[in-house]
Amino acid sequence: MIITDSTISQFRRNYPYFENANNWPKEPVELALAYSDEETGSTGWGSYTDNPRNLKQSGMFSWAAHYLAITYPVDASNPQDMSPVASNSVSSKSVGDESVSFAVYVPNSAEAMAQSWYTQTKWGQQFLQFKNRAIAAQGFYCV
């Protein structure tokens, strides 16, 4: 699917957190939507239409919002602010001269790891709900 200015405008209307084009320029939003198109490419998602009740659009937009929020913790106005850190890998705490660091739970399967990544934002959790609907439409259901 070609991501058009109309698609980006609709994304910004549906997700007003990203409506400020100075903080969320067209290029990273367009890239996130292109990635999200790939994530929602199976037949269960159906075809994209410019309708907020369209499952493909809902999945694409929630995935893109999640990706943007994780990738750019503040905003995407400065590419240098892009987070290169893998989330949930190590946690540490310091009090005075005492410091404690520990590894955070790492799921043992690709699906569990994906679930862990998606649960970091409300948009990722929303995407998982849409994904379950798309899977159910194909005759399978994941819990």
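So if R0 is 25 Å, what FRET efficiency would Gln138 and Ser116 give, r being the distance between their Cβ atoms, rounded to the nearest 0.05? With a Förster radius of 25 Å, E is 0.55.
Using a 1.4 Å probe and counting only protein heavy atoms, arrange Arg53, Arg133, Arg12 so the residue with the most accessible area comes first. Walk me through the intermediate numbers first.
Details: Arg53 205, Arg133 130, Arg12 30 Å².
Output order, biggest surface exposure first: Arg53, Arg133, Arg12.
The values are calculated or read from the model by the stated rules, or taken from the named source; none is laboratory data. Remember, predicted model here, so these are calculated numbers, not experimental data. Virtual Cβ from ideal backbone geometry, glycine too; neighbours counted across all protein chains shown. When the accessible area is computed, the model is the full protein with side chains, heavy atoms only, and any ligands, DNA or RNA have been set aside. Shrake-Rupley method; radii C 1.70, N 1.55, O 1.52, S 1.80 Å.
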